[in-house]
Amino acid sequence: MSIFNYKQRNNIILASIVILGCFILFALSGLFSSILGAIVLFTIFRPVYKYFVEKKQWNKTAVTLLIILVSLIVIVIPLMSLSIMVVDKIGSINHNTFNLQEWVEKIDDYAGYNFNQPHIAENTLQKLGAYATELFPSILGSAAAILITLLVMYFLLYFMFTQIKEFEAGLLKYAPFREQHALRFAIALRDATYSNVLGQGIIALVQGTLLAMGFYAFQLPDPIFWGVVGAFISFLPVVGAPTLTIPAAIILIAEGHSLKGILLLAYGLIFIGNIDNVLRMIINKRIANTHPLITIIGVFIGIPLFGILGLVFGPLLLSYFLLLLEIYETNRMAADRLERIHTGPDNQS
């Protein structure tokens, strides 16, 4: 006869599950980008899959492979190519660009004379370059690591789609809350994904394109490079691509092109800035509204974990976490109401 009762055995099993789960999560930490990437792609392309498989009666394997190919061509390859371009450009920037050496020396002379910091500008420039390079660890890593990450991501995505009914039924079965709350969480998760990935992606693409066009029109060097940089920082609210026009305008004015500098500043802060606000308003109405604080805090969480992908994954993880807190609070309030009903005056002895 067992020395443990039913409840004690269940508690031991639960503790074992938690411990083993922590070990599994730790072992899979290197593939977390693949898992999260598969979830994001599944959420984005699920309506496409449903349309072609259920309405058009296409073969589900063929549709899945088509989705994988499209996501690879439209999302993965362009992102990797742009990231490699930015890293290479950062590594090849020399001090003669924009007369940078002259400006660094002037700032260092001033800081050394007034604040006893003779190398502040040079050191800051080096740190910014190192920090910018650290944003792309997956691109600077080995080709084998990148290939494994992509293979695992698409392996997971393939089975998510080809076994979509079993996958979604399993999520409902093992979800730690009731079915109606699980469905509500799924809808909120979809909206958060659309807002952080599709919404912010559209804004970044538009801002980066407009910035590159502005730099090209004002005959500034490397407009495509700065457009890509502007697209990446557009994921940060308040900062955004328009802020890059401020130092560019200052340099133009300092070099004697005052009219160009003023016009570029107006183009960035007024034109690009207002288009950004309009786009955010439209996207928030059509998709979902991601609070700027979630984006900012999420970026600080995501960049150390995922590099440049943290601009997307960080806010996404924070949004998922807040959704889980909301569901937990709803469940707790429902449990409290049930407990009050069961322990009411009529049920007390």
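Summary of computed values
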{"item": "Count - residues of the range 44-60 that are in a helix (DSSP H, G or I) and loosely packed, with under 12 Cβ neighbours inside 10 Å", "result": "3"}
{"item": "Test: residue in the range 30-38 that is of a type outside the set (Gly, Ala, Ser), at pLDDT below 85, within 22 Å of Asp191 (Cβ to Cβ) and crowded, with 18+ Cβ neighbours inside 10 Å", "result": "yes"}
{"item": "Helices (runs of 4 or more DSSP H) (entirely within the range 127-209) containing at least 3 residues that are over 16 Å from the mean Cα position of the chain (by Cα) and at pLDDT 65 or above", "result": "143-162, 164-174, 179-193"}
{"item": "Within the range 235-272, considering residues that are under 25 Å from Leu316 (Cβ atoms) and at pLDDT below 80, the one surrounded by the fewest Cβ atoms within 10 Å (Cβ to Cβ)", "result": "Val238"}
{"item": "Residue, farthest from the chain's Cα centre (by Cα), within the range 332-345, restricted to residues that are among the hydrophobic types (A, V, I, L, M, F, W, C) and at pLDDT 70 or above", "result": "Ile341"}
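A quick yes/no check of all residues on (1) among the hydroxyl-bearing types (Ser, Thr, Tyr); (2) modelled with pLDDT under 75; (3) out of contact with any Cys (no Cβ under 6 Å at 6 or more places or on another chain); (4) surrounded by 14 or more Cβ atoms within 10 Å (Cβ to Cβ):
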residue: Thr290; (1), (2), (3), (4): yes, yes, yes, yes
residue: Gly314; (1), (2), (3), (4): no, no, yes, yes
residue: Leu323; (1), (2), (3), (4): no, no, yes, yes
residue: Ile327; (1), (2), (3), (4): no, yes, yes, yes
residue: Thr330; (1), (2), (3), (4): yes, yes, yes, yes
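The values are calculated or read from the model by the stated rules, or taken from the named source; none is laboratory data. Everything quoted here is computed from the prediction, not taken from an experiment. Methodologically, a virtual Cβ is constructed for each residue, glycine included, from the backbone with ideal geometry; neighbour enumeration extends over all protein chains shown.
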